[in-house]
Structures are given as structure tokens and as C-alpha cells.
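K.L.:
Before anything else, here's the structure in question.
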Amino acid sequence: MFKRLLSPPALIRVGAPLAAALLVPGAASAAVIQLGQTKSRLVAPTCPKGTSTNNCRIVLERTTAIQTQSDGVTNPMVVKHRGWIVAFSVGISRLSSNNKTVHNLLHGLDTTYGGTPRLALTVLKPGPKNSYTVKAQSGEYHLIPFLGQVLTEPMSLPNTFKAFTALPVRKGDVIGLTIPTWAPVLTYNLTGSAFAYRQSRTSNCTSAAGSQTAQLKVGSSKQYRCSYTGTRVEYSATEITNAPYPKHYPH
């Protein structure tokens, strides 16, 4: 079994050649699937025009989120074939164009939510009544160096890449985004009938989480009763499907 919660690493930007090199070897007959990527590209969220910083709701706090609808596509994060999650992408807001404002916001959010912005990718098995059980989870990735960017990362341990930590998935699993502290990854004021997501919370859905609600342990189960329309969590995951042996081959 994989170690599920690894020590928080620093992130490394990965260019297209390296990403391609990670995906190609040994996968000639496998498929590469972008879970969560619909017709709208991921973006680094910004506050809607005319919205003050205090009223801007682009920050996700202390929860695990599942995108349930994007561009009218239902359940875009559901795995359809057994395979491995080998990379992820996430849009991270700059928070403000003013550096002093960014510094002040970082200090305030870090203090309120228990640390710097971080995230992990979580493999969830759905159950009855909107409950989900953690089957696997990546290490925690730190986001401050990448504010204002759409970041793509392999499921590995930067900075040395000595360990590749792809997450195993089965048909029916769901890929969630776990935020143990906070992360500016929400785009809102979108079409309510076309975009929606859920959080791993059961009450006080209109307020910020007063305590930790994120799923941080493999085997933990929670109900996702807080649903939000017109909002997109800016993340996707790259899966390589398993390539089964053919029935007949030379040997």
C-alpha cells in the first residue's frame, strides 16, 4: 500500500517535455485521461469586477471538495477506468495585484486557518447519502510560490524526484481536492445550472468552516452535505489507465 500523507514538499514547475516523458514510457496501449477538464480551461481565480477583497469568496478553507458539475458535465471527477493518477493541475489566485495587500492577506489567512496555503489530491470511494471514504491521498503541496498561476505537477516528491507516488484508482472512485488550511482556488458567479461542487461538511454551509472538516486520513468517511452552485474548484487530475495484457502475444 502507498504511504498516503507524505511530508509536505516544495513544488517544482514541470514543462511539457518532462510531463510527456513521465506519461509515455510503458503506456503505449493505455489511455491518458484528464479528469475534470471540460470545455472551459482552468484559470487562476480572480475576484469578480467591483467586488471588494473582504467580500471576495475565492478561498476554500479546511475542507475536501468535489466538483460535481462543470460546463454542464455531471460528475467530471469520477474515474471510469482502473488506472493511476499521475499528475494534477490547479488554478491559484494571486489574491491581489498589490504586493502589500497580498502580504497582508497571506498573514491574515495563515493566522485564521492554521498555516500557509496547501493542498492534497484525494481518492474517494462514494457511499450512500453523499458519504465518501478516503482510499488514497497524496502529499501536501505548498502553494505560495505559485500564486496567480495555473500549476501542473506530477505526483512525485520534489525536489529530487526519487519517489514517484502515483495514486491507484478504480472505476467509480472520485478525485477530490483536500485543503488542510486554505487555498484561493474558487471561481464563482458562474452559471448555477452548469457548475457546482460539494464540501466534506454537514452544517453551517453558508459560513467558513469553524474547525477542520477536511478528510486527512486514509479510511476516514464523511458526508458531503454542503453543495454550492455557480462555483468551480479550479483543479483537474491526469490519469493513465491500466494496459491489460492482450490475450495472444509472442513469448
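K.L.:
Quick one: if you stick a label point 7 Å off each Cα along the C-beta vector at LYS80 and ALA243, how many nm between them?
P.N.:
Reported label-point gap for LYS80 and ALA243 is 2.1 nm.
K.L.:
Let me ask another. How big is the charge dipole of the range 93-251 about its Cα centre, in debye rounded to the nearest 20, if each Lys and Arg gets +1 on its Cβ and each Asp and Glu gets -1 on its Cβ?
P.N.:
Approximately 480 debye in magnitude.
K.L.:
Mind sorting out which of [x] 0.97; [y] 1.05; [z] 1.11 is the real Rg/Rh (Cα atoms, Kirkwood Rh) computed from the coordinates?
P.N.:
For Rg/Rh (Cα atoms, Kirkwood Rh), the calculated option is [x].
K.L.:
Another question, if that's okay. If each residue of separation counts as 0.36 nm, what is the full-extension length gain between THR191 and ARG41 once their alpha-carbon separation is subtracted?
P.N.:
52.5 nm
K.L.:
Cα-based count: Lys pairs in the chain below 18 Å, eight or more positions apart or different chains?
P.N.:
15
K.L.:
Report the net charge of residues surrounding ALA194, where surrounding means a beta-carbon distance below 13 angstrom and charges are Lys +1, Arg +1, Asp -1, Glu -1.
P.N.:
+1
K.L.:
Give me the distance in nm between label points sitting 7 Å out from Cα along the Cα-to-Cβ direction at THR116 and ASN204, one decimal.
P.N.:
Result for the modelled spin labels: 2.8 nm.
K.L.:
For the chain, find the longest principal axis of its Cα atoms and tell me its angle to the long axis of helix 99-113, 0 to 90°, nearest 10.
P.N.:
The angle comes out at about 80 degrees.
K.L.:
Still on this structure, please answer the following. Compare the Cα positions of THR133, LEU109, VAL43 along the charge dipole of the chain (+1 at Cβ of Lys, Arg; -1 at Cβ of Asp, Glu; about the Cα centre) and return the one farthest towards the positive end.
P.N.:
THR133
K.L.:
Working out 0.36 nm times the residue gap between THR51 and LYS100, then minus their Cα-Cα distance, what length gain in nm do you get to one decimal?
P.N.:
15.8 nm
No lab work stands behind these numbers, since they all come straight from the coordinates. In this text the structure is predicted, and so the values were computed from the model without any measurement. Please note: Cβ atoms are built from the backbone with ideal geometry, for glycine as well, and neighbour counts cover all protein chains shown.
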